[in-house]
Amino acid sequence: QVQLVESGGGLVQPGGSLRLSCAASGSIFSASFMGWYRQAPGKQRELVGTITNRGSTNYADSVKGRFTISRDNAKNTVYLQMNSLKPEDTAVYYCYELITTVGYWGQGTQVTVSS
């Protein structure tokens, strides 16, 4: 059974940093395509960025240059380093794992950027 558990969310001031983690289990993590999404109140879930099994990354324009996705296959964990945070980054952040054609979601972790 595939399970994704996010952690690392919280309250941070504008301009601050946070690192989110997503621990995966129940899959061959090193072969998985991983992603981070976010959903702000009243808005649709949107893509933040992705990382392939080989470590290639892509980012939404809104976070490019500020956010970095990485993975540690030995720990079955994917990370989202968020720098220069803005109030508009406030959202629930979700980890996503794609295994062949089936996608799995974590429960989400809240990130609030506010002074």
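The values are calculated or read from the model by the stated rules, or taken from the named source; none is laboratory data. Treat the numbers as computed from the prediction; the structure is a model and nothing was measured. Reconstructed Cβ throughout: ideal geometry from the backbone, glycine too, with neighbour counts over all protein chains shown. Only protein heavy atoms, including side chains, enter the accessible area calculation; ligands, DNA and RNA are left aside. Shrake-Rupley method; radii C 1.70, N 1.55, O 1.52, S 1.80 Å.
Annotations
- Carbon + sulfur, % of accessible area of the chain - ligands and nucleic acids excluded, 1.4 Å: 47
- Relative contact order for region 1-71: 21 percent, from Cα pairs under 8 Å spaced at least 6 residues apart, divided by residue count.
- Probe 1.4 Å, accessible area per residue of region 1-74, Å²: 56
- Along the axis of the charge dipole computed for region 39-113 (Cβ charges of +1 for Lys and Arg, -1 for Asp and Glu, origin at the Cα centre), the listed residues Trp105, Tyr79, Ala91 are led at the positive end by Tyr79.
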